[in-house]
Amino acid sequence: MSLRITVLGTGYLGVTHAACMAELGYDVLGMDIDADKVASLTDGNVPFYEPDLEPLLRKHVEAGRLRFTTSYEEIAAFGDVHFLCVGTPQKFNEYAADMRYVDGVIDGLAPHLSRPTLVVGKSTVPVGTAARLADRLAELAPAGSGAELAWNPEFLREGFAVEDTLRPDRLVIGVRSSGAEETLREVYAQAVAAGTPFIVTDFATAELVKASANAFLATKISFINAMAELCEASGADVTQLADAIGHDSRIGRKFLNAGLGFGGGCLPKDIRAFMARAGELGVDQALSFLREIDAINLRRRAHVANLARDACGGSFLGKRVAVLGASFKPNSDDVRDSPALAVAGQIQLQGATVTVYDPRSNENARAVFPTLGYADSAQKACADADLVLHLTEWQEFRDIDPTVLADVVAERSIIDARNALDPVAWRAAGWTYRSLGRP
């Protein structure tokens, strides 16, 4: 008999995982305590933008392979494998992760587990969490030790989440028994058959894989942004520098694009939680370098705001600034800790009239920064602008004809804070083009 899958938590991770498990052929039941969200998902609506996800969800909801509920009892009765996909946000005024949602799901689900089952954590958690939750699960579940825990960290990239779930570049599982391993081999049989590496570890290693991967990526991004600062001071070109060092197979070219820095709901809070956990374990010095990584990243925002003020003659007063991009990255409507919105907010506070356009995230941005202006196209955002800021590298912005945009602005001045536009084309169209880390 085929395994039946449940997914607890219907945020970004949970909805994606549920739809993709249905695509792999499983009957799936998703669960959330928010009845409105469950009703919306049942109607086939995804509450955020992720390419290819909503059609996939609707396909399987309409086919009856994917359903949603608010009931722990129904989840426990239905599922053979329960995936825990709730968030672990940063605690208020602390670096540490807030574990109340993860703990709440275990406390809500476990009392209803009366038969042998596998609960699989996918949330990003501090190392040591899985061992603690395994004990809690066995304590609360009527099935006792038959209710087993495993840890299977997610490695989704926003904008590519469906692809990353269906065709992952690796699968990591932290288990305590061969039975848990075999169950997860069955769940992911198609990916394993296609050659995806299947890495079996203990709990702590599985938890650290996600945290250390994010820390490494953040380090690489902040490294090239630090080099951009040096390039600006010396007259060098950071894009040529990145190309040259990227040819070294030990380094690689990916994540060496200098710009405004990283944001979103994962990378910033995950490296801070990693530092906090290291401190709790008494090895805070091992990750002290991450404080500088975080500082370099945040410094990019102030740097772009300063460049913008200089481009406006030293003051924003009376100046109109167009901002292209609000999401923290392209192909997403996620504005959590968005560098683009942080810059837009800073320059508005310094006196500029700011109008923002993003292909997908205007409404989410408006909810966070209601005092900014918003337009429904790049041309409308740039109307009569004294300065244009390119802050999120959507393909739509890469494809803009600079000669067309030149006809609507007050001044042909642009700062490409993502180093993604063609400086030759923009300068040929009469624009003063500035970027980061380049002459």
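The values are calculated or read from the model by the stated rules, or taken from the named source; none is laboratory data. What you are looking at is a predicted structure, and each value in this text was computed from that prediction instead of being measured. Here the Cβ positions follow ideal geometry from the backbone for every residue, glycine too, while neighbour counts run over all protein chains shown.
Where the second residue is surrounded by 19 or more Cβ atoms within 10 Å (Cβ to Cβ) and β-branched (Val, Ile, Thr) and the first is farther than 20 Å from Glu292 by Cα and lies in segment 218-245, which pairs have Cβ atoms under 6 Å and are six or more apart or on separate chains?
Ala242/Ile224
Could you check segment 280-308 and list, in sequence order, the residues that are over 20 Å from the mean Cα position of the chain (by Cα) and of a type in the set (Gly, Ala, Ser)?
Across segment 280-308, the qualifying residues are Gly282, Ala286, Ser288, Ala302, Ala305, Ala308.
At least 3 residues that are more than 24 Å from Leu256 (Cα to Cα) in each: list the helices (runs of 4 or more DSSP H) lying fully within segment 303-420 that qualify.
339-349, 362-368, 378-382, 402-406
Given the structure, is Ala302 loosely packed, with under 14 Cβ neighbours inside 10 Å and closer than 26 Å to Arg418 by Cβ?
Yes: the conditions hold for Ala302.
Tell me, please, whether a residue that is hydrophobic (A, V, I, L, M, F, W, C), buried (at least 19 other Cβ atoms within 10 Å of the Cβ) and without any contact (Cβ under 8 Å) to a residue 40 or more places away in the chain can be found in segment 317-325.
no
Please enumerate the residues belonging to segment 176-210 that are in contact with a Lys or Arg (Cβ under 8 Å, 6 or more places away or on another chain) and either closer than 30 Å to Asp243 by Cα or not in a helix (DSSP H, G or I) (or both).
So the first thing to find is which residues in segment 176-210 are in contact with a Lys or Arg (Cβ under 8 Å, 6 or more places away or on another chain), and the list is 191-192, 194, 196-199, 202-203.
Ala194, Thr196, Pro197, Phe198, Ile199, Asp202 - these are the residues of segment 176-210 that are in contact with a Lys or Arg (Cβ under 8 Å, 6 or more places away or on another chain) and either closer than 30 Å to Asp243 by Cα or not in a helix (DSSP H, G or I) (or both).
Scan segment 55-77 and tell me whether some residue there is touching a Gly at 6+ places or on another chain (Cβ under 9 Å) and of a type in the set (Phe, Trp, Tyr).
Looking for residues that are touching a Gly at 6+ places or on another chain (Cβ under 9 Å) and of a type in the set (Phe, Trp, Tyr), one finds at least one in segment 55-77, hence yes.
Quick check on Val38: is it in a helix (DSSP H, G or I) and on the phi < 0 side of the Ramachandran plot?
Considered against the rule, which asks whether it is in a helix (DSSP H, G or I) and on the phi < 0 side of the Ramachandran plot, Val38 comes out as yes.
Just name the residue that is farthest from Pro47 (Cα to Cα) out of those in segment 1-16 that are free of Cβ contacts under 8 Å to residues at least 60 places away in the same chain and over 24 Å from the mean Cα position of the chain (by Cα).
Met1
Would you confirm, using the coordinates I've provided, whether Thr124 is surrounded by 14 or more Cβ atoms within 10 Å (Cβ to Cβ), assigned to a loop (DSSP other than H, G, I, E, B) and under 26 Å from the mean Cα position of the chain (by Cα)?
yes
Filter segment 428-439 for residues that are surrounded by fewer than 21 Cβ atoms within 10 Å (Cβ to Cβ) and hydrophobic (A, V, I, L, M, F, W, C); which is nearest to Ala322 (Cα to Cα)?
Among those residues, the one meeting the criterion is Ala429.
Being in a loop (DSSP other than H, G, I, E, B), at pLDDT 95 or above and of a type in the set (A, V, I, L, M) narrows it down to one residue among Leu298, Leu256; which is it?
Result: Leu256 is the single residue among Leu298, Leu256 that is in a loop (DSSP other than H, G, I, E, B), at pLDDT 95 or above and of a type in the set (A, V, I, L, M).
So the check is Cβ under 9 Å with 6+ separation or different chains; which pairs have a first residue in segment 400-421 that's outside the structural domain of Ala381 (by TED's automatic domain parsing) and over 12 Å from Ala378 (Cβ atoms) and a second one that's crowded, with 20+ Cβ neighbours inside 10 Å and not charged (D, E, K, R)?
Close Cβ pairs satisfying both conditions: none exist.
Which of (1) surrounded by 14 or more Cβ atoms within 10 Å (Cβ to Cβ); (2) of a type in the set (Gly, Ala, Ser); (3) part of a loop (DSSP other than H, G, I, E, B) does Ala425 not meet, given it meets every other one?
(3)
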